[in-house]
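Each remark here refers to the structure printed beneath this line.
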Amino acid sequence: MIKGVNRRVVEITSTDSDYFEKAVLYVRSDKSEVPAVRLEAEAREYIRSLVPEKPRSVPLALKLGAAAASAAALTLIIYLIICL
């Protein structure tokens, strides 16, 4: 069944989500006079608040550097304990 009601719709096609490719938001009737640019900005902000941020991975070189620095520090501590 299709209702014959005119409604404004904002469609976001780039959601930055691994699961969803598109979002469709229906504009409230009391906000139908808001400019399209503002509606799209509000829709993008709303979608951004729903999608969790992707965890930032630490570069492998930084991980290896930290491991090497830890090993060097441990070696130095052991050397000082043995020699002194």
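What follows draws every value from the coordinates through simple rules; no lab data is involved. Just so you know, these numbers come straight off a predicted model, no measurement behind them. In this analysis, Cβ positions are derived from the backbone assuming ideal geometry, glycine residues included, and neighbour counts consider all displayed protein chains.
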Legend entry - Residue that is among the hydroxyl-bearing types (Ser, Thr, Tyr) and loosely packed, with under 10 Cβ neighbours inside 10 Å, where the choices are 49, 17, 70, 32: 49
Inset, instruction - Answer yes or no: is there a residue in the range 62-76 that is among the β-branched types (Val, Ile, Thr) and assigned to a helix (DSSP H, G or I). - result: yes
